[in-house]
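To keep things clear, I will list the structure first and then write my remarks on it.
We did not get these values from a lab; they are worked out from the coordinates using the rules stated. All values reported here derive from a predicted model rather than from experimental measurement. Here the Cβ positions follow ideal geometry from the backbone for every residue, glycine too, while neighbour counts run over all protein chains shown.
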Amino acid sequence: MKAIPNQPDARVTDYLSQNLNDTVYQLSEQIRQWLIETPGVSEAIKYKVPFYDYLGPLIYFNPKRDHLIIGFTKGIYMEDPFNMLVGDQKNIRHYIVNEGIDIFEHLPFYFDEAIRINKLLKKR
């Protein structure tokens with residue numbers, strides 16, 4: 001099933017509700033709404049997890065029972081002024097969402113940064 005920009009995918013809702021505790025699920029839903037409302041972003045299940053695309057793969061959600069890992073597919077290229085990104089994979093960097101975190105303190109910066117990188121790489 002092809003992802004449609006700015007439309008929530010019911011499979012993602014089901015997936016997250018089954019794999020996260022209630023508090024982290026609510027945080028993930030807030031993040032999803034913000035992403036889905038971003039022009040050009042589409043949501044789908046890929047590689048068995050929720051993916052968000054913008055001019056190519058942008059981020060994915062890797063839910064754990066008590067936290068959500070947000071994977072930035074081109075995180076190696078991203079600025080990290082708040083030292084929130086972790087990981088040592090070739091390209092991917094992770095942002096960990098736990099209970100009690102203010103998701104909108106730093107995440108908007110990282111989402112904008114990921115979109116900026118995808119735009120730059122698309123122009124090549």
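Summary of values
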item	result
Label zone at Leu120, where the point sits 7 Å out along the Cα-to-Cβ direction: segment 62-102 residues whose backbone N lies under 20 Å	71-95
Of [x] 40, 34, 24; [y] 44, 31, 29; [z] 37, 29, 27, the label for Cα extents along the principal axes in Å derived from the coordinates	[x]
Kyte-Doolittle mean at least -0.5, axial Cα span of 24 Å or more - DSSP H helices of the chain	103-123
Net charge contributed by nearby residues that have their C-beta within less than 10 Å of Arg32 (K/R +1, D/E -1)	-4
Where labels lie 7 Å past Cα in the beta-carbon direction, separation of Met78 and Asp22 in nm	3.0
GNM flexibility winner over the chain from Phe109, Phe72, Phe51 (Cα, springs under 10 Å)	Phe109
Inter-probe distance in nm under a simple model that places probes 7 Å from Cα toward Cβ, at Asp66 and Val49	2.0
Cα centroid separation, segment 21-54 to segment 97-124 (Å)	13
Radius 11 Å from Cβ of Tyr110, net charge of other residues (Lys, Arg +1; Asp, Glu -1)	-3
Members of Lys48/Lys123; Lys74/Lys122; Lys64/Lys123; Lys90/Lys122; Lys46/Lys122 lying beyond 23 Å, as alpha-carbon distances in this model show	Lys48/Lys123; Lys64/Lys123
